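The block underneath contains the structure these notes are about, expressed in structure tokens.
The values are calculated or read from the model by the stated rules, or taken from the named source; none is laboratory data. Just so it is clear, the structure is predicted and the values come from calculations on it, not from any experiment. Don't worry about glycine lacking a Cβ; one is built from the backbone with ideal geometry, like all the others, and counts go over all protein chains shown. What goes into the accessible areas is simple: the full protein's heavy atoms, side chains included, and nothing from ligands, DNA or RNA. Shrake-Rupley method; radii C 1.70, N 1.55, O 1.52, S 1.80 Å.
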Amino acid sequence: MNPRFSLAIAAVSLLILPAAFAPAAGAQDAVTYQKPPAAIEQLLEAPPTPIARLSPDARTLLIEQPATFPTISDVAQPRYRLAGIRFNPLSNGPSVERYDVALKLQSVSATTPKTITGLPAKLKAVDAIWSPDSKHVAFAAHATAPAKGLDLWIIDVATANAHHLGTIKLNAVLGAPCSWMPDSASLLCKTVSATRGAAPRVSDVPLGPDVEENLGKVSPAPTYEDMLKTANDADIFEYYASALLQVVSLNGTARTLPAKGLIERASSSPDGKYALVSIVHRPFSYTFPYERFPLLTEIVPLKAGSVKVLLDRPAVDNLPISRDAVEGTPRDYQWRGDAPSTIVWVQAANNGMPMPKDAKVADTLYALPAPFDAKPTVLYEAPMRIARGGFAGARGLEWGNDHLALVTMSRFSDRRQMIVAIDPSTPGKVTTLYTGSSQDRYHQPGSPMSEVNANGRLVLKLTKDGQGVYFTSPGASPKGDQPFVAIMPLSGADAGKEKILYRSSDPYFDEPVALLSDDKVLIRRESQTQSPNYFAASFDSSAPVQVTHFPGRYDGIKMPTRQFLKYKRADGVDLTATLWLPAGYDKSQGPLPTLMEAYPAEFTSRANASQVSGSPNHYPVFGGGSHVFMVQDGYAILDNAQIPIIGENGKEANDTYVEQLVAGAKAAIDEGVKLGVVDRNRVAVMGHSYGAFMTANLLAHSNFFRAGIAESGAYNRSLTPYGFQNEERTYWQDPKLYFDMSPFSYADKIKTPILLIHGEADDNTGTYPIQSERFYAALKGQGATVRLVFLPLEPHAYGALETKQHVLWEIDRWLNTYVRPTAPPTASTGK
């Protein structure tokens, strides 16, 4: 079988390599999917809380009910793994995606939602979008046999009725298939050509060898997954990713535009006269994902006229391993949302190479109005990289009016960030609104809020006098996150100093969603005991009015308790963690066996590393990848224990990675022991991805733990030689660092039982399944107690319900075998 193509399979067997539970070393288990204890499964399968999307006119909510989890049969549908993406050839969309199983409408002024008639009997809806005039909602729905694929559906808000629009099939291989035209009477869609012919055949008989070569060109690349490997791969990718660009009217008719091929994105101009289109094309790379393939950007007239090519960018295959390096050609083309048809883009100085910190110009922002044949205007010369954007706009560029746009820029090397207000009509007129560290959560202003203008485009939400912009922020503080809505003045002595209009306060966590008016905001409110719902909150301090009435996600379930911990590392760095305890537990019952989970993060200063992250007021939600479920089986859980890795005074954080890792873990355990709830002699550690890397390192360099659980990690850094996580030094620049940070180098030191779990179709950069294979082999060769579980069909984040059930079963068994007993079991028997 072609390793980059998976056929639908009926078998649900699980491949388990030699296990610690087996009586004989090297024995092979035949294990089918298992389920965890009922108390854990009850939490796992609770349906998610619905999501509400506010209409542009702020009057109506689209209420979406997400599916709980796909089944393994869903995950086992046919898929290709090519050019850095995974797609289903039957649907011409992503191989696995979140979808909605129910949709409803509700007026913001009403108390109950309306049922939408006409929806498919077995709804699997994706990419729902409001029309600019708020009269319709478009979404794609997965059709059932015999005509599989993605169909376009429309909901009429006035009648609360849905209907299938036209007979076209949408193409979502390279992203969301449709966007609304400004007049709300049609959509711009990527569609499957009805005449594209038969798909390229996948042959098991080779025509010759597959060859790659590099003739002296410097092309460093991270260890990407799912790359093209053969000419047949390239043909298949091109076949399924190719699309037509059509304007689809609400009466079901479709008009084809003069653009076709591997259309990555398409967006109409605010005046509806043009489309900005990007098309991926050959020659394809076998080393990089499709985002770095050659890319043609052009302007396509929606009525009469000729296509204008803006740029035919070559492959981006020569960037150094640096977060501050970008392509030297123009990038991030987009429409100005506040102008009829003006293209803007960014171009880097110094051919895109990282700039010195004192550079005056790192990026230049250009603009070009229709008919796109004049010399472009320089709108702003930025001292840092302008944040990556796109056709729909982004946090990098926010348009307001002829005299206002906000530009957000950053520099990774020293984690600096800046927000400025520019006057597009007067280049050079700039007001700095914020400058600081991107890691300083306490002082970041947040993000500007938007509204839909007359052309159906998002623009900055300004105060009535035009002198301020509405902002929303997570509101990080020493007490935890307290989200707020504020007005940021744009000029004068108070420029950049936010005036808070509404702020979340105990015991609630109120997340601003969108403005309902100049003095009212829609919030998503929750607390430790109150499941999320939507409220209308006024800025006059009156009590918010409840809009939705969703039931509690875990109603009727006996829930654990939780508390927010604050403590210090030995070097004085402030840390936090969340402690979960079983329902009804009292520390007079004695300390508990404990599971600690963490994910290290790099910082450039102690002050930023010590900042509190998260909020104690969140409603407890046990995601499918959570380990907190184990509290239902009697364990204390040290959740999200902060382990900062700090580099200061010219030193890199990873220069003392192991020392800081061990110190952070010890501090968390010490705090739990001091509280009288953690049994120091019965603690396990676990993590996913970089947390798995952490777990293996802690077992290699400390004796704090009775067991370890590592999910989908990388353990040998020589297999990721061009950097990893936030480390930008390559293996050849510092081989000792790569050796010292690799738990594989210390396999002979790991005597603590370790459970390795990995998705056999891991799609994450750097965490190839071979990482766990080789680490297992190294540990086994040294006589370690180790179990390796490969999860069929699963990527880096496990998706199928059966997989999630089985992973929890594995973790529960491992903990009950090696952590719960007062005395550790013997390594030879696991008993």
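The requirement of being over 17 Å from L638 (Cβ atoms) and crowded, with 24+ Cβ neighbours inside 10 Å is satisfied by A696. Taken over the range 346-395, the residue count meeting the criterion of being open to solvent by less than 40 Å² (accessible area, probe 1.4 Å), under 18 Å from V420 (Cβ atoms) and assigned to a strand (DSSP E or B) is 11. Which pairs have Cβ atoms under 8 Å, sit 6 or more apart or on different chains, and link a residue in the range 483-494 that is polar (S, T, N, Q) and in a loop (DSSP other than H, G, I, E, B) to one that is open to solvent by less than 60 Å² (accessible area, probe 1.4 Å) and at pLDDT 95 or above? Filtered contacts from the range 483-494: S491/A421; S491/T431. Selection of strands (runs of 3 or more DSSP E) fully inside the range 23-96 by the criterion of at least 1 residues being more than 30 Å from G175 (Cβ to Cβ) and touching a Lys or Arg at 6+ places or on another chain (Cβ under 6 Å) returns nothing. Within the option set T253, T230, being open to solvent by 10 Å² or more (accessible area, probe 1.4 Å), under 26 Å from P94 (Cβ atoms) and of a type in the set (S, T, Y) holds for one residue only, T230. Here Q417, Q439 are screened, and the one residue that is part of a loop (DSSP other than H, G, I, E, B), touching a strand residue (DSSP E or B) at 6+ places or on another chain (Cβ under 7 Å) and surrounded by 17 or more Cβ atoms within 10 Å (Cβ to Cβ) is Q439. When residues in the range 230-286 are screened for being farther than 30 Å from D338 by Cβ, assigned to a strand (DSSP E or B) and under 26 Å from the mean Cα position of the chain (by Cα), 1 of them pass.
Here is a list: G676, G614. Which entry is assigned to a loop (DSSP other than H, G, I, E, B) and either under 25 Å from Q417 (Cβ atoms) or among the aliphatic types (A, V, I, L, M) (or both)? Checking each option against the conditions leaves just G614. If you go through the range 495-513 and keep only what is outside any strand (DSSP E or B) and more than 25 Å from Q528 (Cα to Cα), you end up with A495, G496, K497, E498.
Every test in (1) touching a helix residue (DSSP H, G or I) at 6+ places or on another chain (Cβ under 8 Å); (2) surrounded by fewer than 24 Cβ atoms within 10 Å (Cβ to Cβ); (3) within 28 Å of Q589 (Cβ to Cβ); (4) of a type outside the set (D, E) is passed by N716 save one, and that test is (3). Could you tell me which residue of the range 762-809 is modelled with the lowest pLDDT, considering only residues that are among the small types (G, A, S) and over 18 Å from R98 (Cβ atoms)? Per the stated criteria, the residue is G766. Scanning the range 591-601 for residues that are open to solvent by less than 20 Å² (accessible area, probe 1.4 Å) and either of a type outside the set (S, T, Y) or without any contact (Cβ under 8 Å) to a residue 60 or more places away in the chain (or both) yields P593, L595, M596, A598, P600. Looking only at residues of the range 511-531 that are of a type in the set (D, E) and either more than 20 Å from S55 (Cα to Cα) or out of contact with any Phe, Trp or Tyr (no Cβ under 9 Å at 6 or more places or on another chain) (or both), we find that the one that is least open to solvent (accessible area, probe 1.4 Å) is E526. Residues in the range 33-71 that are open to solvent by 10 Å² or more (accessible area, probe 1.4 Å) and among the β-branched types (V, I, T): T49, I51, T60, I63, T68, T71. Identify all residues within the range 310-328 that are open to solvent by 60 Å² or more (accessible area, probe 1.4 Å) and either among the hydroxyl-bearing types (S, T, Y) or in contact with a Leu (Cβ under 7 Å, 6 or more places away or on another chain) (or both); write none if there are none. Selection gives D312 alone. Residue pairs whose Cβ atoms lie under 9 Å apart, separated by 6 or more positions or on different chains, with the first residue in the range 96-117 and over 18 Å from N533 (Cα atoms) and the second of a type in the set (V, I, T) and in a loop (DSSP other than H, G, I, E, B), are V101/T68; T117/T159. Does W335 count as of a type in the set (F, W, Y) and either under 23 Å from T472 (Cβ atoms) or open to solvent by 20 Å² or more (accessible area, probe 1.4 Å) (or both)? No, not satisfied. Looking at A172, A198, just one residue is of a type outside the set (S, T, N, Q), closer than 23 Å to L244 by Cβ and surrounded by 16 or more Cβ atoms within 10 Å (Cβ to Cβ), and that residue is A172. Residue-level analysis places A665 outside the set of residues that are assigned to a loop (DSSP other than H, G, I, E, B), open to solvent by less than 10 Å² (accessible area, probe 1.4 Å), under 28 Å from H806 (Cβ atoms) and touching a residue at least 60 places away in the same chain (Cβ under 8 Å). Do you know which of the residues in the range 636-654 that are in contact with a Gly (Cβ under 9 Å, 6 or more places away or on another chain) and not in a helix (DSSP H, G or I) is farthest from L737 (Cα to Cα)? Result: A636. Evaluation of G456 against the conditions (1) touching a strand residue (DSSP E or B) at 6+ places or on another chain (Cβ under 7 Å); (2) open to solvent by 60 Å² or more (accessible area, probe 1.4 Å); (3) part of a loop (DSSP other than H, G, I, E, B) shows that the sole unmet condition is (2). What about D440, is it under 30 Å from P320 (Cβ atoms), charged (D, E, K, R) and under 28 Å from the mean Cα position of the chain (by Cα)? Yes: the conditions hold for D440. Criterion applied to A476, A514 was being more than 30 Å from R323 (Cβ to Cβ), among the aliphatic types (A, V, I, L, M), modelled with pLDDT of 95 or more and under 29 Å from the mean Cα position of the chain (by Cα), and the one residue passing it is A514. Somewhere in the range 727-739, is a residue in contact with a strand residue (DSSP E or B) (Cβ under 8 Å, 6 or more places away or on another chain), open to solvent by 20 Å² or more (accessible area, probe 1.4 Å) and either without any contact (Cβ under 8 Å) to a residue 40 or more places away in the chain or more than 22 Å from A598 (Cβ to Cβ) (or both)? The answer is no; no qualifying residue exists. A count restricted to the range 420-436 and to residues that are hydroxyl-bearing (S, T, Y) and buried (at least 16 other Cβ atoms within 10 Å of the Cβ) stands at 2. State whether one or more residues within the range 290-307 are part of a loop (DSSP other than H, G, I, E, B) and in contact (Cβ under 8 Å) with a residue 60 or more places away in the chain. The answer is yes; a qualifying residue exists. For the range 112-125, does any single residue satisfy the condition of being touching a Phe, Trp or Tyr at 6+ places or on another chain (Cβ under 9 Å), open to solvent by 50 Å² or more (accessible area, probe 1.4 Å) and not in a strand (DSSP E or B)? Scanning the range 112-125 turns up at least one residue that is touching a Phe, Trp or Tyr at 6+ places or on another chain (Cβ under 9 Å), open to solvent by 50 Å² or more (accessible area, probe 1.4 Å) and not in a strand (DSSP E or B).
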